[in-house]
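S.K.: There's a structure below that I have some questions on.
The values are calculated or read from the model by the stated rules, or taken from the named source; none is laboratory data. This one's a predicted model, so the numbers in the text were calculated from it and none came from an experiment. A quick note on method: Cβ atoms are made from the backbone with ideal geometry, for glycine too, and the neighbour counts reach across all protein chains shown. Surface accessibility is based on the protein's heavy atoms, side chains included, excluding ligands, DNA and RNA. Shrake-Rupley method; radii C 1.70, N 1.55, O 1.52, S 1.80 Å.
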Protein chains: 2
Amino acid sequence: MKNEISKAERTRQLIIEKTAGIFNTKGYAGTSLSDLTDATGLTKGSIYGNFENKEEVALACFDYNLAKINTAVQQLISEAGSFTDKLLVYTRAYHSMTGIEFPEGGCPILNTAVDADDTNNLLKDRVAKAILAWKKRLIDLIKGGIEAGEFTADTHPEQLALSLIALIEGGIMIAKATNSPNSLNKVLKTVEFLIRHQKS
Amino acid sequence: MKNEISKAERTRQLIIEKTAGIFNTKGYAGTSLSDLTDATGLTKGSIYGNFENKEEVALACFDYNLAKINTAVQQLISEAGSFTDKLLVYTRAYHSMTGIEFPEGGCPILNTAVDADDTNNLLKDRVAKAILAWKKRLIDLIKGGIEAGEFTADTHPEQLALSLIALIEGGIMIAKATNSPNSLNKVLKTVEFLIRHQKS
DNA sequence: TCAATAAAATACCGATCGGTATATTTTAGT
DNA sequence: ACTAAAATATACCGATCGGTATTTTATTGA
């Protein structure tokens, strides 16, 4: 019964899967080691045998949560034909937070950005990189759309990319805080408007 | 030397002023009572003599931080003439987060909305009310602009109001997380575009 | 000025925090 | 099946957590 992946690797994965939602919901400071042991059924000794400290677990969980969203969205984008449709994927993916499967606790970029503002530089660096990568992917799609003649030449790629991200994340914040998924959908209508408004 | 306001009231105010920035920066769970005693120079006994518990201090601090922003913005809005100019106040007030004086730690609505998602229902209720009140004020300005003939009749007040809030809060999140105040300014350009685009 | 009262400091509570040294159990190669 | 190594559990560490009962100090009205 020799397995490809080691026991340690399987445990690491179990810890990440069982606790990613907790960190994303309660934040770094709000998540305790007993939260981790309760969720996994493991002991502190086991967790610290697989991770150096609590921060390393949080970092792995952030990567896990982020990848979950990114792979789902990138899949939809790869299936879309035009650059316009690729950008419009976001209005579908985030619709009522049900277009793709989200991590428990919502968007890890929003949560971690606000949570790790100070106190945790490693987490802050990672969320900054995630936002910049997202921005770059959007800019590439917008520039592609300009070159393909879908968008007018006077479209501002960076401003549009940043505005789409801000609308989505701000919309998520409003929807969660006011318990109104439909508020997010209204904001996504503006996302759609901004994308379609660049039509040449 | 008899004073109008009691000693207790002055101490309460001191505690709020000295700790409002800490709660707004480190979050509720991340702020400890020793943070409060360090910042105020008071002891735990004194703080608990003026507040029932840590949560009550956090609630008072949220109100304080929120009022600071709201009064400054409302002042600028009252000085503006047209409904268009009143709405455009936001692009000035939030420009590089320097148009008005912000609480230490940034926007309390964004911070508290994400921080108090779970674990703290009183804080969550308060931030929900703050967002809904903000939305209502924006809707009133937009409807006023429609009635005054500044905006076209097919403007959607709620969608526009929610989108402006989402852009501002999302823009703040991006700017802080990536250490780039200019990203917020680019997002505010879209805020301006959306407002001016409703011109009839 | 002087009590009555209010406010702040001291000293303490049990619980939990993140983390670790060590012992026990499980895995995996032979 | 046996053993060396890896993984997990146990038991513990000092520090800090939020909160409180009690004592000391400061305020305030007469």
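S.K.: B:Leu87 fails exactly one of the following numbered conditions: (1) touching a residue at least 24 places away in the same chain (Cβ under 8 Å); (2) open to solvent by 20 Å² or more (accessible area, probe 1.4 Å). What is the number of that condition?
M.R.: Among (1) touching a residue at least 24 places away in the same chain (Cβ under 8 Å); (2) open to solvent by 20 Å² or more (accessible area, probe 1.4 Å), the lone unmet condition for B:Leu87 is (2).
S.K.: Of the residues that make up segment A:103-112, is at least one free of Cβ contacts under 8 Å to residues at least 40 places away in the same chain, assigned to a helix (DSSP H, G or I) and either within 11 Å of chain B (Cβ to nearest Cβ) or open to solvent by 10 Å² or more (accessible area, probe 1.4 Å) (or both)?
M.R.: If we filter segment A:103-112 for residues that are free of Cβ contacts under 8 Å to residues at least 40 places away in the same chain, which is where we start, we get none.
Within segment A:103-112, not a single residue is free of Cβ contacts under 8 Å to residues at least 40 places away in the same chain, assigned to a helix (DSSP H, G or I) and either within 11 Å of chain B (Cβ to nearest Cβ) or open to solvent by 10 Å² or more (accessible area, probe 1.4 Å) (or both).
S.K.: Output the number of residues of segment B:161-200 satisfying the condition of being open to solvent by 60 Å² or more (accessible area, probe 1.4 Å), in contact (Cβ under 8 Å) with a residue 60 or more places away in the chain and either touching a Cys at 6+ places or on another chain (Cβ under 8 Å) or not in a helix (DSSP H, G or I) (or both).
M.R.: Summing the residues that are open to solvent by 60 Å² or more (accessible area, probe 1.4 Å), in contact (Cβ under 8 Å) with a residue 60 or more places away in the chain and either touching a Cys at 6+ places or on another chain (Cβ under 8 Å) or not in a helix (DSSP H, G or I) (or both) in segment B:161-200 gives 1.
S.K.: Next up: Out of all the residues in segment B:126-183, which are within 14 Å of the chain's Cα centre (by Cα), of a type in the set (Gly, Ala, Ser) and under 15 Å from A:Thr178 (Cβ atoms)?
M.R.: Correct list: B:Ala128, B:Ala130, B:Ala133, B:Ala166.
S.K.: While we're looking at this one, here's another question. Kindly indicate whether B:Leu138 is facing another protein chain (nearest Cβ under 10 Å), touching a residue at least 12 places away in the same chain (Cβ under 8 Å) and either under 19 Å from B:Leu188 (Cα atoms) or open to solvent by 40 Å² or more (accessible area, probe 1.4 Å) (or both).
M.R.: On the way: facing another protein chain (nearest Cβ under 10 Å): no; touching a residue at least 12 places away in the same chain (Cβ under 8 Å): yes; either under 19 Å from B:Leu188 (Cα atoms) or open to solvent by 40 Å² or more (accessible area, probe 1.4 Å) (or both): yes.
Spelling it out, it is not the case that B:Leu138 is facing another protein chain (nearest Cβ under 10 Å), touching a residue at least 12 places away in the same chain (Cβ under 8 Å) and either under 19 Å from B:Leu188 (Cα atoms) or open to solvent by 40 Å² or more (accessible area, probe 1.4 Å) (or both).
S.K.: What are the residues in segment B:4-34 that are among the acidic types (Asp, Glu) and part of a helix (DSSP H, G or I), if any?
M.R.: Hits for segment B:4-34 are B:Glu9, B:Glu17.
S.K.: Can I ask one more? Pull up segment B:7-30, narrow it to residues that are within 13 Å of DNA strand C (Cβ to nearest atom) and within 11 Å of chain A (Cβ to nearest Cβ), then point me to the one that is farthest from A:Asn121 (Cα to Cα).
M.R.: B:Ala29
S.K.: Moving to a separate point now. Mind counting the residues in segment B:30-45 that are of a type in the set (Ser, Thr, Tyr) and surrounded by 15 or more Cβ atoms within 10 Å (Cβ to Cβ)?
M.R.: Residues meeting the conditions: 3.
S.K.: Quick one: count up the residues across segment A:113-135 that are open to solvent by 20 Å² or more (accessible area, probe 1.4 Å) and under 18 Å from A:Gln74 (Cβ atoms).
M.R.: Final tally of qualifying residues: 4.
S.K.: State whether the residues of segment A:152-160 include one that is facing another protein chain (nearest Cβ under 9 Å), in contact with a Lys or Arg (Cβ under 6 Å, 6 or more places away or on another chain) and not in a loop (DSSP other than H, G, I, E, B). Steps first, answer last, please.
M.R.: First, pick out the residues of segment A:152-160 that are facing another protein chain (nearest Cβ under 9 Å): A:156, A:158-160.
Keeping just the survivors that are in contact with a Lys or Arg (Cβ under 6 Å, 6 or more places away or on another chain) gives A:159.
Adding the requirement that they be not in a loop (DSSP other than H, G, I, E, B) leaves A:159.
Checked against the condition, which is being facing another protein chain (nearest Cβ under 9 Å), in contact with a Lys or Arg (Cβ under 6 Å, 6 or more places away or on another chain) and not in a loop (DSSP other than H, G, I, E, B), segment A:152-160 yields at least one hit.
S.K.: Among what's in segment B:48-63 and is under 15 Å from B:Gln13 (Cβ atoms) and near DNA strand C (Cβ under 8 Å from one of its atoms), pick the residue that is nearest to the chain's Cα centre (by Cα).
M.R.: If we take residues in segment B:48-63 being under 15 Å from B:Gln13 (Cβ atoms) and near DNA strand C (Cβ under 8 Å from one of its atoms), then B:Asn50 is nearest to the chain's Cα centre (by Cα).
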